[in-house]
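> Following this message is one structure expressed as structure tokens.
Quick note: the coordinates plus some simple rules give every number you see, no bench work behind them. Predicted model only: the values in this text are computed from it and were never measured. Quick reminder, even Gly has a Cβ in these numbers, built from the backbone with ideal geometry, and neighbours come from all protein chains shown.
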Amino acid sequence: MKKTVLSGIRPTGNLHLGNYYGALVNFVKMQNEHNCFFFIADWHSLTTHPDPKMLHTNVKNVLSEYLACGLDPEKSTIYVQSDVPEIAELYLLLNMQAYLGELEKTVSFKDKARKNPNNVNAGLLTYPVLMATDILIHNADYVPVGKDQEQHLEMTRNYAQRFNSKYAVDFFTLPTPFILGQNLIKIPGLDGSGKMGKSEGNAIYLVDEPKVIEKKVKSALTDNGPEGQNLPKPDYIENLFTILKVVSEQQTVDYYEDLWGRGEQRWYGSLKKQLAEDIIKVTSPIREKINDIKGNNEFLQKVTAQGAEKARESAAKTLKEVRQIMGFKKF
Ligand code: AMP
């Protein structure tokens, strides 16, 4: 049966190869199987006081990147959070289900308050309530979450359950984590680290020009070559093979595996060249699409207007029932 799945997108930074293979490829498939909502969480970004000039640019960039990767406004509901005022009202109502003690204990709150002690605002404290609202406003069944978001989803379930039990209704669905796939691909860093990431400073971005990608791959950590035949690979070499397996043809992978197995020397340069070429083959069409979409304001206007309309319809339906349950009535 079709389920409702919701995923939020933070309007910060660009998408990298890890985001693409770890999340986007799966989101694109998910659209064919489920009723998907994808939204750009611009209200969420206010906790860190973004530059007003940059806020819109960031929303535009991230929206263009997601659309270029294949999120389809005809299949999914793609919207900007601040275009849906119903979210703000439900946020107010759900705040009454959230206890101060719990909010103060949230890992992400403690972490951010420690890192930024001069701006511990109430919005930061109630961030999990806004996140719960994003989910509950569409009564989502599933939310694809990373490890750092699991606690927030648990809090969402608590608020939903509290509401249901206080008002003796079975109204809010308790959302569960969406498992994106059994063998989720993790893209490693080129610097020998286990994960490619924005904050790790080792990412290859989808918008990177071919020259930039070549330079990044060229500087990947390697050594003098295998010290014998059929040895286990050190992590930083294994990482290069992991990316190769994702972006290249099987016969390319086999060719370099064979060189490694035979303990040959002096082929890392060729491996890097091939790897860069195959990454560019994947990212170039996406980069071109991103740039096209970014330059097409009419299209972006149409997508966001259509998304806001669909999202508001779903949100208004939920809010109407919540108001009734809570006792708000028209004269
Ligand atoms: P982030 O950009 O770190 O907020 O990550 C957003 C999502 O992209 C995560 O929840 C993962 O699903 C995915 N992701 C990020 N980095 C990687 C990576 N190196 N390999 C695979 N998936 C990743």
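> Run the quick spin-label model on ASP148 and LYS186: label points 7 Å from Cα toward the beta carbon, then report their separation in nm to one decimal.
It is 1.5 nm.
> Right, here's the next one. Between their Cα atoms, which of LYS233/LYS273; LYS211/LYS272; LYS147/LYS195; LYS147/LYS272; LYS105/LYS147 are more than 23 Å away from each other? Don't jump to the answer; show the numbers that get you there.
Details: LYS233/LYS273 19 Å; LYS211/LYS272 13 Å; LYS147/LYS195 14 Å; LYS147/LYS272 32 Å; LYS105/LYS147 17 Å.
From the list (LYS233/LYS273; LYS211/LYS272; LYS147/LYS195; LYS147/LYS272; LYS105/LYS147), the Cα-Cα distance tops 23 Å for LYS147/LYS272.
> Per the helix-only calculation at 222 nm, which mean residue ellipticity applies to the chain, given -39500 (n - 2.57) for every DSSP H run of n ≥ 4 and division by its residues, nearest 500 deg cm²/dmol?
Numbers: 13 runs with 174 residues, N = 331.
The helix contribution divided over the chain gives -17000 deg cm²/dmol.
> Assuming R0 = 45 Å, can you tell me the calculated FRET efficiency for the pair THR48 and ARG262, based on Cβ-Cβ distance, to the nearest 0.05? Don't skip to the end; give the middle numbers.
Numbers: r = 52 Å, r/R0 = 1.16.
Efficiency, rounded to the nearest 0.05: 0.30.
> Can you list, largest first and rounded to whole Å, the semi-axes you get for segment 210-291 by taking the square root of 5 times each eigenvalue of its Cα gyration tensor?
Equivalent ellipsoid of segment 210-291: 26, 13, 9 Å, largest first.
> On to the next question. Counting residues in segment 65-122 as N, plug N into 2.2 N^0.38 Å and put the Cα Rg over that result.
This ratio for segment 65-122 stands at 1.63.
> Using only alpha carbons, build the gyration tensor for the chain and give me the equivalent ellipsoid semi-axes, biggest first, whole Å. Spell out each step's value before the answer.
Details: eigenvalues 355, 92, 70 Å².
With the √(5λ) rule applied to the chain, the semi-axes are 42, 21, 19 Å.
> ASP235 to TYR255: FRET efficiency via 1/(1 + (r/R0)^6), r the Cβ-Cβ distance, R0 30 Å, to the nearest 0.05?
Once rounded, the FRET efficiency stands at 0.90.
> Could I ask something else about it? For a quick check: with amide H placed at 1.01 Å from N, whose amide H comes under 5 Å from CYS36's, ignoring anything fewer than 5 positions away on the same chain?
Counting only residues 5 or more places away or on other chains, the set is VAL5, THR77.
> Among the GluC sites (Glu not before Pro) within segment 201-281, which fall in a DSSP loop and have no more than 15 other Cβ atoms within 10 Å of their own Cβ?
Those that pass, being in a loop and sparsely packed, are GLU227, GLU249, GLU264.
> In nm, to one decimal, how far is the VAL282 label point from the ASN95 one, both placed 7 Å along Cα→Cβ?
Label at VAL282, label at ASN95, 4.3 nm between them.
> What does the extension gain come out to for ASN14 and ASN296, with contour length at 0.36 nm per residue minus their alpha carbon separation?
Separation in residues times 0.36 nm, less the Cα-Cα distance, equals 99.7 nm.
> Same structure, new question: On a 0 to 90° scale, report how tilted helix 297-326 is relative to the longest principal axis of the chain, with both axes built from alpha carbons and the result rounded to the nearest 10.
Tilt relative to the chain: about 40 degrees.
> Order by neighbour count: HIS56, HIS152, HIS49, fewest other Cβ atoms within 10 Å first, most last. Don't skip to the end; give the middle numbers.
Values: HIS56 13, HIS152 21, HIS49 10.
Sorted ascending by nearby Cβ count, the order is HIS49, HIS56, HIS152.
> Report, by chain and number, residues whose modeled amide H sits under 5 Å from the one on LYS195, excluding near sequence neighbours (fewer than 5 apart, same chain).
Amide H neighbours of LYS195: GLY189.
> Once both axes come from the Cα atoms, what is the angle between helix 268-294 and the longest principal axis of the chain, in degrees from 0 to 90, rounded to 10?
Taking the Cα atoms of the chain, the angle to 268-294 is about 30 degrees.
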